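The values are calculated or read from the model by the stated rules, or taken from the named source; none is laboratory data. From a predicted model like this one, the values you see are computed outputs, not experimental measurements. We place every Cβ from the backbone using ideal geometry, glycine too, and count neighbours over all the protein chains shown. In case anyone asks, the SASA skips ligands and DNA or RNA and just uses the protein heavy atoms, side chains included. Shrake-Rupley method; radii C 1.70, N 1.55, O 1.52, S 1.80 Å.
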Amino acid sequence: IIEIAEDEALIPNYSADSGLPKNQVAVARILKAYAFHILTDTYGPVPYHSYGTEDEDFQALQTEKGIYNPKYAPEEKIYKDLLKELKEAAEMIDVSQKAFNEYDRIYNGDSKKWKKFANSLRLRVAMRMRAKDKALADQHIEDALASGVFESNEDNAKYHYESSDSKASPWYTTVVIENRNDFSVSNMLMGLLKGEKGSFGILDPRVEKFADPNKNGEYVGQPYGVPINDLATEASALASLLDSVRVHTSNYPEIYMEYAEVEFILSEYKNWSQEHYEKGIRASMERWGVAESAISAYLAAVPAANMENVMNQKYIASFLQPNNAWAELRRTGYPDFLIKKGDFVYKDLKGKDHYFEPKVDVDDIPARLTYPWEEQRLNESNYKGALDLLGGPDQMKTKIWWMK
């Protein structure tokens with residue numbers, strides 16, 4: 001997109017309906033930053049590319065320069081450049097003109113919303129690395145807020161799938177078309193929603209939006225950490241499947257970032273603000289279609305804002321946004337009741353207790369994923385350099401930069 005939008009020979013072909021070339025460049029930069037953000041949070045050091053930056057550490061996506069085996073960039077440099085990229089992309093957008101036309105499946109060419117997404121994503125990036133460089137993070141948080149972030153669920157960044165089977169959401173394709181019936185809500189999340197785990201102690205009305213009742217009309221979580229050969233146990237058979245009314249529809253949207261997260265970030269930034277905490281809860285419940293009466297009743301009963309409560313609510317609001325939920329769990333330690341090595345998992349039909357024994361060498365939630373085998377084989381010298389940057393072995397328990 002950037003190459004086409006910056007090709008002077010093609011610029012005369014642009015029309016007001018298709019959007020400004022510079023707006024399209026800005027959108028491409030935002031999405032590229034989003035992708036690299038997930039990559040570095042998943043693996044640690046990764047090959048990285050920055051728009052218009054001639055940094056010898058940023059060698060990804062440069063095959064036109066003959067770079068087929070890019071070196072890995074340090075996580076700290078990637079994070080600082082992500083903040084720069086998102087700031088510059090937001091400033092690059094001319095909100096009086098469209099970004100794209102109707103083929104934009106996220107914002108339908110609305111450049112104002114793309115700018116809000118860039119600034120909101122900058123909040124996420126800044127908060128995630130704030131413990132490593134508070135001054136820089138706070139500078140970008142304040143600048144993003146001044147420039148404009150999500151203000152309601154109408155601003156949510158989400159990819160819109162279509163009603164036809166060929167362009168339907170992955171959930172619809174997997175569950176409805178391929179007839180899979182083994183995607184259930186875990187007992188960890190179900191326990192939090194039902195007030196049996198965590199700090200809330202009250203029933204969360206989102207339980208009926210996230211899951212379907214089982215054959216007995218009850219909401220039951222799938223035992224977490226059950227060996228694959230035990231998935232047909234009675235406990236698994238009684239687990240609640242994902243919601244069929246919303247999640248299993250063909251046009252269920254893929255959420256990249258939502259307004260509720262912005263409010264929870266602001267609650268944390270403002271020393272666990274009660275106001276932003278409640279706004280975040282309300283935003284999440286409204287997105288899932290919870291009735292106003294149920295929202296009001298829940299807000300009247302929910303415990304006050306503190307680190308544990310805000311982060312547990314942020315975890316709930318991240319349902320079906322696994323990359324973000326995993327990153328926040330690693331960053332803060334919440335929720336703090338998820339299954340770890342040696343914990344009780346379930347009791348089988350013979351009355352035997354089963355305990356969680358992970359198949360990989362971890363004692364807690366994995367800190368990262370190991371690099372793909374193909375990368376180790378095809379980019380061996382740079383892979384070895386990545387391990388030096390990582391500061392530890394290529395294992396799931398080796399912490400990435402902002403966790404140290």
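Descriptive notes on the structure:
- Accessible surface of the chain [probe 1.4 Å, protein heavy atoms]: carbon and sulfur percent: 51
- Summed residue charge, Cβ within 13 Å of residue 167's Cβ, Lys/Arg positive, Asp/Glu negative: -2
- Per-residue extension of 0.36 nm, minus the Cα-Cα distance of residue 202 and residue 362, leaves a gain of 54.4 nm for this segment.
- Under the span-like rule (Cα at least 24 Å along the axis, Kyte-Doolittle mean at least 0.0), DSSP H helices of the chain: 21-43
- Label positions at residue 152 and residue 212, each projected 7 Å from the Cα along the C-beta direction, are separated by 3.3 nm.
- Protection proxy ranking, peptides 348-357, 274-283, average beta carbon neighbours within 10 Å, highest first: 274-283, 348-357
- Remark on residue 257: its backbone amide H falls under 5 Å from those of 157, a criterion applied only to residues 5 or more positions apart or on other chains, H modelled at 1.01 Å from N.
- Using the average count of surrounding beta-carbon atoms within 10 Å as a protection proxy, the listed peptides 69-80, 332-343 rank, highest first, as 69-80, 332-343.
- When peptides 386-395, 106-115, 289-298 are ranked by their average number of other Cβ atoms within 10 Å per residue, the highest-first order is 106-115, 386-395, 289-298.
- Point-to-point label distance, residue 275-residue 174, nm (Cα→Cβ direction, 7 Å offset): 4.0
- Candidates per GluC sites (Glu not before Pro) in the range 1-74, loop by DSSP, up to 10 other Cβ within 10 Å: 8, 54, 56
- Accessible area per residue in Å² at 1.4 Å probe, computed on the chain: 47
- Per residue, the Cα convex hull of the range 67-120 amounts to 123 Å³.
- Here the simple spin-label model places points 7 Å from the Cα toward Cβ, and for residue 306 and residue 54 these points are separated by 5.5 nm.
- Options (1) 4, 21, 30, 24, 13, 6, 2, 0, 0; (2) 4, 19, 29, 29, 15, 4, 0, 0; (3) 4, 18, 23, 21, 15, 11, 6, 2, 0 - which one matches P(r) over Cα pairs in 10 Å bins from 0, in percent as calculated here: (2)
- Each of 127, 351, 106 was placed along the dipole of the chain (beta-carbon charges, centred on the mean Cα), and the one lying farthest toward the positive end is 351.
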